[in-house]
1. Pairs only if they're at least six apart or on different chains, beta carbon under 6 angstrom, first in segment A:191-217 and small (Gly, Ala, Ser), second buried (at least 19 other Cβ atoms within 10 Å of the Cβ); list them, first residue then second.
2. Just one of (1) outside any loop (DSSP other than H, G, I, E, B); (2) surrounded by 16 or more Cβ atoms within 10 Å (Cβ to Cβ); (3) at pLDDT below 95 trips up residue C:182, so point out which.
3. Check off (1) within 14 Å of chain B (Cβ to nearest Cβ); (2) touching an Asp or Glu at 6+ places or on another chain (Cβ under 9 Å); (3) crowded, with 16+ Cβ neighbours inside 10 Å for residue C:206 and give me the number that stays unchecked.
4. Within segment A:137-148, identify whether any single residue is in a helix (DSSP H, G or I), loosely packed, with under 15 Cβ neighbours inside 10 Å and small (Gly, Ala, Ser), and answer yes or no.
5. Which residues, counting only those in segment C:198-224, are part of a helix (DSSP H, G or I) and either in contact (Cβ under 8 Å) with a residue 12 or more places away in the chain or on the phi > 0 side of the Ramachandran plot (or both)?
6. Could you look through segment B:85-96, keep only residues that are assigned to a helix (DSSP H, G or I) and more than 7 Å from every other protein chain (Cβ to nearest Cβ), and pick out the one that is surrounded by the most Cβ atoms within 10 Å (Cβ to Cβ)?
7. It is to be established whether one or more residues within segment A:222-241 are of a type in the set (Asp, Glu), surrounded by fewer than 24 Cβ atoms within 10 Å (Cβ to Cβ) and more than 23 Å from residue A:99 (Cα to Cα).
8. Residue by residue through segment A:57-87, note down the ones that are under 30 Å from residue A:183 (Cα atoms) and in a loop (DSSP other than H, G, I, E, B).
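The values are calculated or read from the model by the stated rules, or taken from the named source; none is laboratory data. The model shown is predicted, which means the values in this text are computed figures rather than measured ones. A quick note on method: Cβ atoms are made from the backbone with ideal geometry, for glycine too, and the neighbour counts reach across all protein chains shown.
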Amino acid sequence: MEDAPSIEGNPEGPTAPQMGGGALGDRVYRWVTTLCALLVPALLIYIGITVFVAGWPAFQKAGTSFFTSSRWDPVNGIFGAAPAIYGTLVSSAIALVIATPLAVGAAVFLAELAPRWLRQPVSFLIDLLAAIPSVVYGLWGIFVLAPLMRSMVAPFLKHTLHLGDLPFFSGPVYGPGMLTAGVILAIMILPYISAVTREVLMAVPRSQREAALALGATRWEMIRDAVIPGARSGIVGGIVLGLGRALGETMAVTMVIGNTPKISASLFSTGYTMASIIANEFNEAVSADHQAALMAVGASLLVIALIVNVIARWLVARVGASAS
Amino acid sequence: MMRRKIANVVMLALMWLAAAIVLLPLFAILARLVMQGWSSLNLDFFTKEPLSPGSTGGGMANSIVGSLILLFIASLSGLPVGIGAGIYLAEHRTAPVAKLVRFLADVLNGLPSIVIGIFAWEMLVKPVHHFSALSGGIALGVMMIPLTARTTEEMIRTVPTSLREAALALGYTNWRTSLAIVARTALPGIVTGALVALARVAGETAPLLFTALGNNFWSVSPTQPIDALPLRLFLYATSPYDDWNRQAWAASIVLIALVLLISIAARIAARPRFGKAVD
Amino acid sequence: MANVVLSATGLNAYFGAVHAVRDASIEFREREVTAIIGPSGCGKSTLLRCLNRMHETVPGGRVTGRVEFHGQDLYGPDVNPIEVRRHIGMVFQRPTPFPTLSIRDNVAAGLRAMRRADRPPRADVDRIVERSLQDAALWDEVKDRLRTGAIGLSGGQQQRLCIARALATSPSVLLLDEPTASLDPISTQKVEELVYDLRQHFTVVIVTHNMQQAARVSDRTAFMLNGELVEVAPTNKLFTTPSDPRTEAYVTGRFG
């Protein structure tokens with residue numbers, strides 16, 4: 001129902017005939033629902049302002065070196081967030097590199113290839129990945145994935161594939177570290193990318209597929225030339241949405257990244273992310289400076305997440321608009 | 001032609017493979033959970049409190065109850081606002097404000113939970129110098145708002161306009177039409193949306209780290225720090241004690257069971273039930 | 001001549017910029033059935049919806065002119081549209097039973113919307129439900145399952161249930177917007193018989209695209225074309241000796 005101002009008569013008119021009176025309930029109701037709706041932007045702004053104000057002293061004190069300095073030293077009150085920013089970007093990038101082909105492949109499988117009987121259970125199981133809490137991924141990361149990285153993955157990369165001389169794969173392997181965090185993140189964002197991709201693929205009109213097949217295209221050529229192009233910006237939107245998840249993911253990363261504020265080319269080395277530095281240090285931050293620095297990290301993370309989310313929504317919305 | 005055929009077979013095989021690889025970690029994780037955690041799931045786990053670090057035994061009764069209390073507070077604080085906002089969005093579909101709110105709800109939904117955590121700390125913990133169940137529950141509640149709002153909107157939109165008109169034509173006021181007829185008809189869907197939102201925050205840890213904090217003892221007071229299953233799981237997983245590690249696996253099983261239970265309830269609620277008389 | 005219960009004078013209705021009803025003036029007399037006919041899109045439903053202030057609930061819906069109900073202007077400044085709708089009942093094209101309510105509660109739904117002072121005492125509700133269902137010729141079919149859901153009824157039964165629901169609040173005027181459009185022939189016949197009988201107690205306005213139906217059930221018929229009210233006359237006269245050539249063209253089937 002749209003706002004139709006004329007729907008309410010003037011309540012309590014001076015003569016108050018038999019058909020006048022009471023639209024108070026409607027007015028109250030409209031106010032209450034409007035208030036609820038406005039609370040959403042209000043909350044977002046409130047969160048932004050609160051975190052920014054709390055972090056402002058750190059920005060002010062460190063200036064641009066807050067973002068460029070790689071020295072994070074709470075004991076001496078020096079706060080450079082570069083290692084955390086680097087860790088966030090690198091672990092998310094690893095996650096995207098691993099997750100994107102798998103998630104898109106699985107989505108294409110579900111949307112185009114899977115036999116009917118397999119479609120439901122497989123998409124249910126992939127969705128189930130999203131239902132597993134972050135801490136549980138962390139637990140599994142500590143006790144299964146990290147040892148596996150040390151005992152199998154690292155030796156395979158270093159010795160079997162002879163990649164040990166590359167800077168990314170040089171240095172000692174502890175188990176926990178950037179690559180481990182990236183792999184965990186990849187598993188965690190798979191269901192999100194896959195779900196969005198599946199949806200936009202389904203939105204591609206049937207006629208386009210049939211046209212391609214009628215022209216003699218193979219199944220794969222149809223997918224490549226008729227289905228994927230129509231869904232491209234939606235797929236990119238799904239990937240960016242996954243990126244948003246990865247950037248902000250906290251617990252699992254905190255549990256497997258090693259939590260050391262350093263920048264190292266090696267993906268086997270330990271690191272920090274913006275989310276994990278907050279999770280790991282906030283309760284121990286007794287000095288006001290340290291607290292403000294962590295708040296500033298939170299504010300920066302908020303801005304990055306905001307931008308990434310806006311881009312993702314815009315991309316996905318574009319597909320929805322062109323499909324309908 | 002041969003090359004095209006080979007490319008076709010290879011690429012299609014890769015898609016199948018991708019789906020299989022995606023499912024691999026799921027089975028790996030679930031298998032490990034059951035293997036490592038099952039043996040620790042005994043009566044003590046559900047009835048006892050944690051023991052001091054290093055000693056064997058004890059349970060997570062207080063964490064389980066704490067989680068339920070936090071989810072209760074979250075529902076109480078998040079659902080009314082979320083549902084109210086959803087009703088607004090459904091009833092003012094094309095209004096510019098609605099478009100903005102819809103968009104920002106999606107943005108709020110994508111905000112990192114740790115940011116919600118430090119926000120809740122700054123607003124609800126710092127001023128009173130006191131960690132509390134209330135602050136943790138509200139942090140979770142904030143996370144429930146955008147999701148509830150969007151699902152409520154979708155569900156209300158499925159109610160045909162003719163039903164709304166029928167109520168108005170009977171002399172129903174707008175608010176009664178909206179609540180007693182439209183929202184009532186969409187209720188199963190709204191409940192489903194609420195439960196989905198609840199399932200989503202049930203496993204959250206980050207917003208609780210600096211708000212509910214955790215508690216080794218029984219507490220049901222909203223103004224005191226309270227334990228939660230994910231918090232306890234985190235503590236035990238990162239501890240050096242074997243018995244705690246074992247209990248962390250058991251806690252994972254319980255936590256996933258809790259999330260799935262809420263999700264299943266959501267599916268049951270989604271089933272339409274017609275013809276139930278109310279009065 | 002019977003009393004005029006409801007009348008429109010210089011009525012205009014708009015959907016945004018679209019002028020759907022143009023300067024219509026018409027009287028509805030007590031205990032008569034007035035049919036409004038015309039090709040689809042001619043504005044007949046819109047005219048009907050202006051009579052109980054439903055038109056303005058549509059986005060962009062706007063009304064000018066007067067509608068008098070027992071001499072009171074329904075679009076006057078201190079008239080509450082909610083009250084208007086309580087006195088002028090309406091039934092729509094498609095049956096609209098409330099899916100969450102039982103048959104009994106559907107019929108009683110309008111009573112619950114009434115102001116506390118006007119609301120009948122609880123003890124009377126079952127009696128009113130029975131009377132309304134009897135008036136709607138549905139009682140015998142549903143009396144044994146009043147507490148079950150209304151969704152279980154057939155389309156024709158659902159439509160009669162909606163009529164019963166509209167009758168329960170004892171409105172003095174009943175507006176029917178193509179009430180048989182979605183019904184099978186047998187249900188249509190039942191509803192038509194019902195409309196014919198309703199004139200004993202109610203003033204009825206029925207919109208229909210079916211001329212035979214108008215001829216069967218109404219005392220007077222109005223013909224609309226392109227938003228304009230072309231002619232209003234006793235049904236017999238309008239169908240046999242219309243005074244406007246456009247009416248004649250329509251009723252003899254030369255267009256529409």
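1. Pairs found: A:194/A:103; A:194/A:106; A:194/A:107; A:194/A:126; A:212/A:222; A:212/A:226.
2. Status for residue C:182: all satisfied but (1).
3. Tallying (1) within 14 Å of chain B (Cβ to nearest Cβ); (2) touching an Asp or Glu at 6+ places or on another chain (Cβ under 9 Å); (3) crowded, with 16+ Cβ neighbours inside 10 Å, residue C:206 fails exactly one: (1).
4. At the first step, the residues of segment A:137-148 found to be in a helix (DSSP H, G or I) are A:137-148.
Keeping just the survivors that are loosely packed, with under 15 Cβ neighbours inside 10 Å gives A:147.
Narrowing the set further to residues that are small (Gly, Ala, Ser) leaves none.
Checked against the condition, which is being in a helix (DSSP H, G or I), loosely packed, with under 15 Cβ neighbours inside 10 Å and small (Gly, Ala, Ser), segment A:137-148 yields no hits at all.
5. Of all residues in segment C:198-224, those part of a helix (DSSP H, G or I) come to C:198, C:211-217.
Once the filter is applied, which keeps residues that are part of a helix (DSSP H, G or I) and either in contact (Cβ under 8 Å) with a residue 12 or more places away in the chain or on the phi > 0 side of the Ramachandran plot (or both), segment C:198-224 yields C:198, C:211, C:213, C:214, C:215, C:216, C:217.
6. If we filter segment B:85-96 for residues that are assigned to a helix (DSSP H, G or I), which is where we start, we get B:85-91, B:96.
Narrowing the set further to residues that are more than 7 Å from every other protein chain (Cβ to nearest Cβ) leaves B:86, B:90, B:96.
On the way: B:86: 32, B:90: 24, B:96: 8.
So, considering only residues that are assigned to a helix (DSSP H, G or I) and more than 7 Å from every other protein chain (Cβ to nearest Cβ), the one surrounded by the most Cβ atoms within 10 Å (Cβ to Cβ) is B:86.
7. Filtering segment A:222-241 down to residues of a type in the set (Asp, Glu) leaves A:225.
When the remaining residues are screened for being surrounded by fewer than 24 Cβ atoms within 10 Å (Cβ to Cβ), the result is A:225.
Now restrict to residues that are more than 23 Å from residue A:99 (Cα to Cα): none.
Within segment A:222-241 (the criterion being of a type in the set (Asp, Glu), surrounded by fewer than 24 Cβ atoms within 10 Å (Cβ to Cβ) and more than 23 Å from residue A:99 (Cα to Cα)), the answer is no, since none of the residues qualifies.
8. Step one: of segment A:57-87, the residues under 30 Å from residue A:183 (Cα atoms) are A:66-74, A:79-87.
Residues satisfying the conditions are A:69, A:70, A:71, A:80, A:81.
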